[in-house]
1. What percentage of the solvent-accessible surface of the range 71-122, computed with a 1.4 Å probe over protein heavy atoms, is contributed by carbon and sulfur atoms?
2. Tell me, in nm to one decimal, what length is gained between T198 and T181 on full extension, where the rule is 0.36 nm per residue of separation less the Cα-Cα distance?
3. What number comes out for the charge environment of A203, summing +1 per Lys or Arg and -1 per Asp or Glu over other residues with Cβ under 14 Å away?
4. Pairs of Cα atoms under 8 Å, at least six residues apart: use those to get the relative contact order of the range 137-197, whole percent.
5. Please list, by residue number, everything in the range 83-103 whose backbone N is under 16 Å from a paramagnetic label point 7 Å out along Cα→Cβ of V142.
6. Between R230 and K152, what is the label-to-label distance in nm when each label sits 7 Å out along the Cα-to-Cβ direction?
Amino acid sequence: MPQPSQTARPGGPEAQYDVGLPVSAPAGPVVPAGPLPGQLWDDAGADAVDAAQCDVVPAVACPDAPAAAPVQAAPAAQPQPAVPAPDPVAVAQRSVANLKLKTVTPGSTPLEPGSISIVGVPTWMWAENADALGTVTDTARVPGLSLTMTAKLSGVTWDMGDGTVIECEGTGTKWSPAMGTGDSPTCGHTYTTQGTRTVTSTAHWSVTWRASTGQTGVIGRDLSSTSTIRVGEVQVINSTRTGDA
């Protein structure tokens, strides 16, 4: 016996079947059931396509697909404030303070250790380290500026500890026995009272500087050191022998 035919009715995935009777096509256009989850209509509205294909495959264009976020342009770099030029005078002051200048190593008569100066007898003073008190040159550099410096000893001041201050040019003259007991030709003092004196010798340096900008100047720098001088008196004793009268 012949089997009845089964014909699917359009209308979606859940088709209905008539048994034994032919099914005729419905009148009018067939309306698609709609896109499944993860699908969108294409521009023609006729087919459902995967959303991942929208605007990627040339034949697929989906106006309903979410638009990509616009790319933000990087902000323009802000100009940095100009760095002020260094002050040559300020740089010179700092640089002169850092110069390796020497103090005076004091020397004086008498030469023998433990000896004392005598009231009324000239005392000679000098710098034992005269060779280290010569001209000193140096260069300082900071961003945007260079500075050359020349330091020279302009003189030495001796505070003799008894209220007397002696200004000497140069480093003085070192005494030797051949020079006798006369006055120093360059730097000396004669005490009039006895006692222990603290002597302060101050080296006066004059530093000339020139900056790469053409600016110039002179800065003074004083460096001091101390020593001790003992001053005594010579007692004269007159004696008369018996029978000399």
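The values are calculated or read from the model by the stated rules, or taken from the named source; none is laboratory data. The shown structure was predicted, so the numbers you read here are calculated from the model rather than taken from an experiment. Don't worry about glycine lacking a Cβ; one is built from the backbone with ideal geometry, like all the others, and counts go over all protein chains shown. In case anyone asks, the SASA skips ligands and DNA or RNA and just uses the protein heavy atoms, side chains included. Shrake-Rupley method; radii C 1.70, N 1.55, O 1.52, S 1.80 Å.
1. 60 percent
2. Numbers: separation 17, 0.36 × 17 = 6.12 nm, distance 2.24 nm.
Extending this stretch completely gives an extra 3.9 nm.
3. Local net charge: -2.
4. Values: 59 pairs, mean separation 13.7, N = 61.
With pairs under 8 Å counted, the relative contact order is 22 percent.
5. 83-99
6. Reported label-point gap for R230 and K152 is 4.1 nm.
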